[in-house]
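Every read-out reported here was derived from the displayed coordinates using simple, explicitly stated rules and does not represent laboratory data. None of the values given here were measured: they were computed from a predicted structure. Ideal geometry is used to build each Cβ from the backbone, glycine not excepted, and the neighbour counts take in all protein chains shown.
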């Protein structure tokens, strides 16, 4: 027999007016007293909620649902093995959740049916997953609710817009990605986007954020997913904007609440570069954004060096990745790689590096460099030898900006002859103007894996780690002060509010 459970008028389902989804719960004990509270909670999520105690009645109800509707089914393990094989291929069946006492008993069974999204043994966890599933569906039905920088940014007062919360991180990808590689997940996401009606870019971005959260909570490198994703998209045209890892991370952060942002940036720092400076959020505002959450995960115990180039300097990021065993994203023709900065703290190394490294994308303006320079303990300045010859004064001006009591290493790239008179004259002028600046000639390192290249990269790593730690390191209070100066007024007020709250709790 079926039981209709009606939600009250304040339910999220009523507020969002979703008539096409039906939540069904099939279990012999579904109407027992211990499940009454769970039924009430589920009824506030989906207005159309039915319970069944027999497989026959539930199957009849599913068959009677129109093909325009979608059924989300909660089923016990025993009933599931009986019912699922018969209803799995029905168009109206969208998702299946197995609720049982012994998860391992049904894992092999669940692998046969891709509509089984999870096997759950805890009732509260089941409710949380159903609620998260509902919000994801509503977001897919109205993807404009998510803010994508420079495409459909949310107004500041749009309090009704969708935001990710911590529960989305907890539920992301659970039991969905255990039998599939990240490369296959990327291919599936791209194929659905390319083959879907209207090429819904917002919906596509939404779908990419799920595996990203899944990888982050496992403290994994994101390139296993974003690398294949970008390579597949290279073939596609008429995409709203370039899809980079930096762009996807920024979109995820913009659409997350403050608590989740702090969690995400902490997880991100374990195996991935952390964004420090991002581009303007829309084309009407040309002010670059600092990422305030970075203040909570900054490594205050080790010096942090900033690597940046002057003029065109191809291969800068790949060289830094080879030297520091980091994985900064390679530049693309996009605003996310123009005057932006990422930091790799190397938290994943068992034996930590003596220094942290930040990488600037695109040529930083002298104003931006002057604004952020006090945060860093040293600088790796890249310049191609041909550019240096004709832009000596510009290079000297940049070095002067950062050389005050800091470690500065000028890497002159692609030098064929260190004894060349022009090069010698230029380097003498630089050292005359900036006596603390060290200079390293670096021949063209094309193949980073060649033995000769590995030796040069190793020597450079040893030199940087040895020399940079000799300089005085900024104390934590000074770095925090400079990071706070980069925040906007709203972020400063929120940070001060947090500080006051901590002070109030301190006596306890």
Revision key, fill the gap. Per the 1/(1 + (r/R0)^6) rule, R0 = 25 Å and r from the Cβ atoms of residue 389 and residue 459, FRET efficiency to 0.05 is 0.50
Review point. Between the range 98-116 and the range 202-226, what's the alpha-carbon centroid distance in Å?
Key: 24
Review point. Given the rule -39500 (n - 2.57) for each run of at least 4 DSSP H residues, summed and divided by the residues of the chain, what is its mean residue ellipticity at 222 nm, to the nearest 500 deg cm²/dmol?
Key: -13500 deg cm²/dmol
Exercise for review: Taking 7 Å along the Cα-to-C-beta vector as the label spot, tell me the residue 107-residue 258 distance in nanometres, rounded to one decimal.
Suggested key: 4.1
Revision key, fill the gap. On the formula 1/(1 + (r/R0)^6), with r taken between the Cβ atoms of residue 63 and residue 114 and R0 of 22 Å, the FRET efficiency rounded to 0.05 is 0.60
Point to revise | Simple label model, 7 Å out from Cα along Cβ direction - residue 194 to residue 165, nm | key: 3.8
Practice item. Compute the length gained on full extension between residue 365 and residue 266: take 0.36 nm times their separation in residues and subtract their Cα-Cα distance, giving the result in nm to one decimal. Key: 32.8 nm
Practice item. Using a Förster distance of 25 angstrom, determine the FRET efficiency expected from the C-beta separation of residue 325 and residue 400, and round it to 0.05. Key: 0.20
Study note, to complete from the structure: Once both label points are put 7 Å beyond Cα along the C-beta direction, the residue 478-residue 184 separation in nm becomes 5.3
Review point. When only Cα pairs under 8 Å and 6 or more residues apart are kept, what is the percent relative contact order across the chain?
Key: 9
**Study point:** Separation of alpha-carbon centers, the range 58-79 and the range 253-281, rounded to whole Å
**Key:** 39
Review point. In the chain, what percentage of the DSSP-assigned beta bridges are antiparallel, given to the nearest 5?
Key: 25
Exercise for review: Give me the number: length gained by fully extending residue 350 to residue 78, i.e. 0.36 nm times residue separation minus the C-alpha to C-alpha distance, one decimal in nm.
Suggested key: 93.3 nm
Point to revise | For Kirkwood radius over Cα pairs in Å, calculated from these coordinates, the label among (1) 31.5; (2) 26.0; (3) 23.5 | key: (2)
Check your understanding: What are the radius of gyration and Dmax of the range 298-474, computed over its Cα atoms and given in Å?
Key -> 15.4, 46
Exercise for review: Mind ranking 260-267, 317-324 by how tightly packed they are, going by the mean number of other C-beta atoms within 10 angstrom, highest first?
Suggested key: 317-324, 260-267
Practice item. Can you tell me how much longer the chain between residue 88 and residue 494 gets when fully stretched, taken as 0.36 nm per residue apart minus their C-alpha distance, in nm with one decimal? Key: 141.3 nm
